[in-house]
1. Placing unit charges on C-beta atoms (Lys and Arg positive, Asp and Glu negative, everything else neutral), compute the dipole magnitude of the chain about its Cα centre in debye, rounded to 20.
2. Along the positive direction of the dipole of the chain (beta-carbon charges: Lys, Arg +1; Asp, Glu -1; about the Cα centre), which of Ile390, Pro14, Gln239 reaches farthest?
3. Quote the relative contact order of the chain in percent (integer), defining contacts as alpha-carbon pairs under 8 Å separated by 6+ residues.
4. Run through every distinct alpha carbon pair of the chain and return the Kirkwood hydrodynamic radius in angstroms, one decimal place.
5. Suppose we keep just the DSSP beta bridges with both residues in the chain; what percent of those would be antiparallel, to 5?
6. Please work out the ratio of the alpha-carbon Rg of region 402-450 to 2.2 N^0.38 Å and round it to two decimals.
7. Return, for the Cα atoms of region 387-516, the radius of gyration and Dmax in Å, separated by a comma.
8. So for region 272-462, Kirkwood radius off the Cα pairs, Stokes-Einstein at 10 °C and 1.306 mPa s: how many µm² s⁻¹?
Amino acid sequence: MVPIYFQDIEVKLPTNYQAEELRKKVAAKAGVNDFRWELLQQSLDARHKPDVFWLARVRVFSATRKGEIYEAPPQLTIHYRKRQQQVVVVGSGPAGFFAALVLQQSGFNVTLLEKGAEAGKRYQSILGFERGKSAFDSHANYCHGEGGAGTFSDGKLTSRTKGIALEKQFVFDTYVGAGAPEEIRYLSRPHIGSDNLRRIVPELRRQFQALGGGMIFDSEVTDIKISNGHCTEIITPQQSYVCDILLMAPGHSSYDTYRMLHRQGIAFRLKPFAIGVRVEHPQPLINLSQWGTEHLPGLKAADYKLTHTASNGLPVYSFCMCPGGKVVPSAPAETQNIVNGVSDYARKSPFANAAIVAGLQPDQLPGNKNVDFAGMLRWMEMLEQHVFDITKSYAAPGNRIADFLLDKTAATLPANSYPFEVFPYDFRQLLPAATIAALKEGLSNFSRKIKGFETGVMIGLETKTSAPVQVIRDDHRRCEGFDNIYILGEGSGYAGGITSSAVDGVKAAIGIAENG
Ligand SMILES: Cc1cc2nc3c(=O)[nH]c(=O)nc-3n(C[C@H](O)[C@H](O)[C@H](O)COP(=O)(O)OP(=O)(O)OC[C@H]3O[C@@H](n4cnc5c(N)ncnc54)[C@H](O)[C@@H]3O)c2cc1C
């Protein structure tokens with residue numbers, strides 16, 4: 001076989017470059033004529049604004065003896081073998097879905113149970129709710145239903161988790177295979193977009209079903225039967241399921257499911273978490289700060305990533321920044337009220353939003369030094385209910401950042417993207433004093449980093465950046481004391497976000513397939 005040679009090179013490209021320009025630069029830098037190339041990574045460099053450009057790392061292949069002999073890199077291997085075990089996966093978010101997919105591909109008989117509705121019904125339900133035409137549906141909203149919180153998310157796929165390259169590539173390839181933009185494979189900040197996800201998620205389901213996987217909606221697991229550390233049966237109001245292996249990926253919004261698992265003896269520990277608010281600004285203000293200009297050809301909307309450590313030791317940081325996006329009512333239950341952020345692929349809204357949250361240790365909850373598992377869930381749930389109780393609606397409390405910094409409550413609030421009313425409120429009545437102190441310092445620091453940041457509006461609350469509890473599990477992701485129960489994804493307390501949750505599911509499934 002004729003060897004193929006490769007070399008990795010870096011090229012600088014204008015923000016609105018065309019493929020032909022890339023080809024010419026690659027040819028010049030690589031010094032070869034007959035070649036093909038693959039983009040390995042493309043990231044925006046705005047360190048020398050207004051000179052903003054893409055830096056692209058490109059792998060150039062050619063038969064010319066330049067570079068090294070190419071060998072295809074390793075890929076995730078899924079070994080198919082017909083297996084007899086019945087697997088039940090609970091929760092169709094990224095963790096549950098990808099675990100179910102890999103197990104089905106490995107030859108298991110998988111049934112995926114989802115308490116919420118399928119994506120199309122969910123979309124109609126969210127639209128009706130936001131337009132005031134239908135009531136909140138506790139099984140068809142931003143948190144629950146086909147694809148979990150991932151379906152109507154912003155669809156950013158960034159992850160800081162180390163050691164997940166193969167699984168991440170598998171997840172991204174699967175998304176691309178279901179219609180996600182090819183560029184997620186190489187962009188340093190990959191983004192699918194909420195509009196794309198609601199088409200991709202049902203396509204993923206169809207692929208899973210075509211392999212023989214079973215997917216059942218409107219099926220909430222309310223109990224499990226345990227015998228000698230072994231789960232034997234899964235109970236839903238409609239039906240019970242015998243199972244050999246149970247994977248639970250319920251996310252971190254289903255407090256009743258957490259309580260059921262705890263009641264059945266699954267051990268959890270408390271962990272640090274973070275709470276705060278969303279902040280929103282006009283997108284041009286962020287563009288100007290990040291790019292040195294309000295518009296750059298070829299680019300959609302600028303993002304930011306901000307961090308600060310407050311003098312009380314709490315980390316304050318931006319999270320899930322949604323350029324060209326909107327703030328949404330993401331309550332997981334009817335009498336709770338919290339917010340989150342999303343954007344479509346085009347990122348065309350005139351607003352930029354991000355969570356600004358402060359980390360909190362479990363022993364810092366007000367008046368609750370020795371909080372336990374039940375107390376922690378109660379505290380979170382009550383906080384989210386408290387926000388709902390202010391107006392008995394999904395109107396959101398808000399304030400201007402500048403007023404918040406002065407311990408004042410604004411008389412009026414600027415225009416914003418939230419679909420319901422945002423009313424002026426003193427966040428000191430909602431959040432612990434340590435959180436308020438840290439947020440004030442953080443927002444003040446961020447106002448020095450981004451010109452005009454203090455003119456933004458705060459919209460609350462943001463409580464779902466990560467789970468406040470963590471299941472105790474072994475290296476195979478199996479719950480301590482149980483031989484066939486796995487808890488995965490964000491609800492396990494080991495993952496946060498779409499990619500790390502999906503990868504948690506993939507890793508668990510590969511482990512089960514290797515040992516089963
Ligand atoms: C509005 C919004 C925007 C977001 N944007 C991003 C983003 O841009 N990038 C990013 O990385 N992350 C984002 N996230 C977070 C991301 O969606 C989650 O981290 C991720 O979906 C967690 O995956 P998971 O599979 O662990 O759980 P989830 O996605 O929460 O899925 C859990 C599923 O389990 C189901 N379930 C729960 N209990 C039961 C039960 N007892 N029986 C049956 N089913 C049950 C739920 O209905 C749900 O569908 C966003 C979240 C929201 C809400």
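1. Values: 56 positive and 52 negative charges, 215 e Å.
Value, rounded to 20: 1040 debye.
2. So the residue furthest toward the plus end is Pro14.
3. 18
4. It works out to 24.2 Å.
5. Beta bridges within the chain, antiparallel portion: roughly 80 percent.
6. On the way: Rg = 12.0 Å, N = 49, 2.2 N^0.38 = 9.7 Å.
Scaled against compact globular proteins, the figure is 1.24.
7. Reported Rg and Dmax, both Å: 20.6, 62.
8. Stokes-Einstein gives a translational diffusion coefficient of 94 µm²/s.
The values are calculated or read from the model by the stated rules, or taken from the named source; none is laboratory data. Worth saying up front: this structure is predicted, and the values here are computed from it rather than measured. For neighbour counting, all protein chains shown are included, and Cβ atoms are generated from backbone atoms with ideal geometry for every residue, glycine included. Just so you know, the surface numbers come from the protein's heavy atoms only, side chains and all, with ligands and any DNA or RNA stripped out. Shrake-Rupley method; radii C 1.70, N 1.55, O 1.52, S 1.80 Å.
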